[in-house]
Amino acid sequence: MQNDLAQRRVESASAADLDMRALHSRHDSDAYELYARYGNEQLVRLLRTIGFDAGFCRGEGQYLYDREGSRYLDLLSGFGVFALGRNHPAIQAALISVLQSDLPNLVQMDAPRLAAILAQRLIAHAPYLDKAFFANSGAEAVEVAIKFARASTGRPVIVYCDHAFHGVSYGALSINGDETFRAGFEPLLPDCVRIPFNDPAALERVLARGDVAAFIVEPIQGKGVNMPADGYLRSAADLCRRHGALFVADEIQTGLGRTGRFLAVEHWGVEPDMVLLSKILSGGHIPVSVALMRKGIFDKVLDSMDRAMISPSTFAENNLAMAAGIATLDVLAGERLIEKAAHAGARLLDAFAGMVDRYELVREVRGKGLMIAIDFGRPRSVALRAEWDLIEAAREGLFAQAITVPLFTEHRILTQVAGPTSHAVKFLPPFVISDDDCKWIIDSVDAVVAAAHRVPAAAWSLGKTFAANFIRH
Ligand SMILES: Cc1ncc(COP(=O)(O)O)c(C=O)c1O
């Protein structure tokens, strides 16, 4: 029996179409056509318009390699998942070990051991919380938060912030603070109330109604990298407690070290009732998310044997995701990556902040750890202002692409804008970036921003090309 299984493994491993590296490279020349034909054609058009169609063939650590073998520094890190860098050997080893050990997986009528181990290790980082409820994506963890908040408090209202981003499933979209994502998908969930970020008085006014289940907030808003005022999160948490509402920190982007602490709320000494994590949790390899919460909340929802499976998800707690999570925590600690993120982030922030005085297009630099934005604004000088107005008239926020594109095409640095209509360029580097990488980033950003201040400049003519494209289509 064992031999049969081993034989079957060897046979499948040698089947040509299961060699993913070979299959991937067989489509080097037609990958974009294939994806446009069967997938997202508009994304392919966008990539071609802005010259991002490099055709990446390989990823290792903080680097991506295109079809010519050229090396790019990846500061988008898959929307912030590759904190450990791509294809980290410890994560690969953990995943291979699961695949090769014939563990029972998704038995459903059993206690999944790897899930219990990962839960225990996560709770050790937030010892004021007791329980972990796993899901498969950031948005799903947000759905868990909305459901558990409503069910445990018996109240309907969820409060959220302007410019918030919590994902795009229906519950998460209903607390999305940006019309661009919501438009066309209404009607959304009822009883979701939007307030300005950084406005405790507005929060208190809603809480005073007495029907609020939870305030769900990103400690640092991902879209725009908007920073909380110093006492904001603390007073929001206090207000929630006083009014019987849950304070939920969506740390899906900020959590697991991104801001230089395990949780971003630690910077402000806040202990939420619920913390949502995803992205970095599996080292970027397997979709996974978790809602950590107080026992009182958990037990009010799963309050009897009848309700043991009241909120099931087929793939949650699967072995691959749990193993990747366990390995990720191990690497974060073993390689002291959170300290490294804090150190590299401080260096980048310092260098970028110095550009505010030197360059009139740089309005503000915001961030913490390795979550940073450079925000551009309308320049003062007449010639630059005329150029800015021309491309911004075509599409708000288009100027930022005049920075990301030369960063990519001339300096091989992958970044993106901080949100639709945002004028900020955002950096979410892997925590493993080196001192040389930091110099590469600082020199490149400086060169691109300096070039944008010259009129006529390549950046501006590039902007006008985009403007023409966006107007036409
Ligand atoms: C703060 C925050 N919450 C939720 C989400 C949604 O996560 P997912 O895309 O995995 O659904 C994101 C994704 O960027 C996020 O940044």
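The values are calculated or read from the model by the stated rules, or taken from the named source; none is laboratory data. The shown structure was predicted, so the numbers you read here are calculated from the model rather than taken from an experiment. A quick note on method: Cβ atoms are made from the backbone with ideal geometry, for glycine too, and the neighbour counts reach across all protein chains shown. We work out accessible area using only protein heavy atoms, side chains counted, and drop any ligands, DNA or RNA first. Shrake-Rupley method; radii C 1.70, N 1.55, O 1.52, S 1.80 Å.
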Leaving out ligands, DNA and RNA, and with a 1.4 Å probe, what % of the accessible surface on segment 34-175 is carbon or sulfur? 56 percent
By how many nm would the segment from R205 to A383 grow when fully extended, if each residue of separation counts as 0.36 nm and the alpha-carbon distance is taken off? 59.5 nm
On alpha-carbon atoms, Rg over Rh for segment 230-357 using Kirkwood Rh? 1.05
Regarding the chain, what are the three Cα extents along the principal axes, ordered largest first, in Å? 70, 66, 42
Charge context of I374, other residues only, Cβ under 14 angstrom, K/R +1, D/E -1: -2
How would you order 251-264, 153-166 from highest to lowest mean count of nearby Cβ atoms within 10 Å? 251-264, 153-166
Among the complete DSSP H segments of the chain, which ones combine at least 24 Å of alpha-carbon extent along their axis with a mean Kyte-Doolittle hydropathy of -1.0 or more? 435-452
Per the Kirkwood formula over distinct C-alpha pairs, the hydrodynamic radius of segment 315-467 in angstrom is 16.8 Å
Relative contact order of the chain, please, whole-number percent, based on alpha carbon pairs below 8 angstrom and at least 6 residues apart. 18 percent
Surface per residue (accessible, 1.4 Å probe) for segment 372-446, Å²: 35 Å²
Just to be sure I understand the model, the point goes 7 Å from the Cα along the line to the Cβ. What's the resulting Y170 to T409 distance in nm? 4.3 nm
Run the quick spin-label model on D443 and A93: label points 7 Å from Cα toward the beta carbon, then report their separation in nm to one decimal. 3.4 nm
What is the calculated FRET efficiency for R182 to S235, with r their C-beta to C-beta distance and R₀ = 22 Å, to the nearest 0.05? 0.20
Over all pairs of different Cα atoms in segment 336-407, the reciprocal of the mean inverse distance gives a Kirkwood radius in Å of 13.6 Å
How many angstrom lie between the C-alpha centres of segment 219-261 and segment 292-320? 24 Å
Calculate, in nm to one decimal, what Y65 and S101 gain on full extension: separation in residues at 0.36 nm each, minus their alpha carbon distance. 9.7 nm
Note, V356: beta-carbon cut-off 12 Å, +1 each Lys/Arg, -1 each Asp/Glu, net -2
Diffusion coefficient in µm²/s returned for segment 302-375 by Stokes-Einstein, Kirkwood Rh over C-alpha pairs, 37 °C and 0.692 mPa s, is 203 µm²/s
